[in-house]
Amino acid sequence: MRIVLYLLIALLLLIQWPLWFGKGGWLRVAELQRQLEAQRASNAEVAARNAALAAEVDSLRHGQEAIEERARMNLNMVRADEVFFQRSEAPAAVDPLRTSR
């Protein structure tokens, strides 16, 4: 009778092995689920970046303000009716005790 019991336990373990560790087992499914979530997060980031770039392209195609802003920021351009002022840093103060006469 014990042999039959051991045989049934062995068969049960043999049947369960592919369910847990096989090609489509629970552990593999859990790993694939984790990879899927990581890929979805990555896709969401890329989709957001693509949407921002598409909005910028649309703005550059249809609006003069975006082109003008780019020219001002990247190329330091001004309009004909504007005056450009450039500030420079103030020179360091001269220490009167360190000057030589």
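The values are calculated or read from the model by the stated rules, or taken from the named source; none is laboratory data. Remember, it's a predicted structure, so these values are computed and weren't measured experimentally. FYI the Cβ positions are ideal-geometry reconstructions off the backbone, even for glycines, and counts take in every protein chain you see.
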inquiry  = I'd like the full set of residues that are surrounded by 10 or more Cβ atoms within 10 Å (Cβ to Cβ) and not aromatic (Phe, Trp, Tyr), limited to region 14-28.
reply    = GLN16, PRO18, LEU19, GLY22, GLY25, LEU27, ARG28
request  = Kindly indicate whether any position in region 16-29 is within 28 Å of the chain's Cα centre (by Cα) and of a type in the set (S, T, N, Q).
outcome  = no
inquiry  = Based on this model, can you work out whether SER100 counts as outside any helix (DSSP H, G or I), exposed (fewer than 10 other Cβ atoms within 10 Å of the Cβ), among the hydroxyl-bearing types (Ser, Thr, Tyr) and modelled with pLDDT of 75 or more?
reply    = no
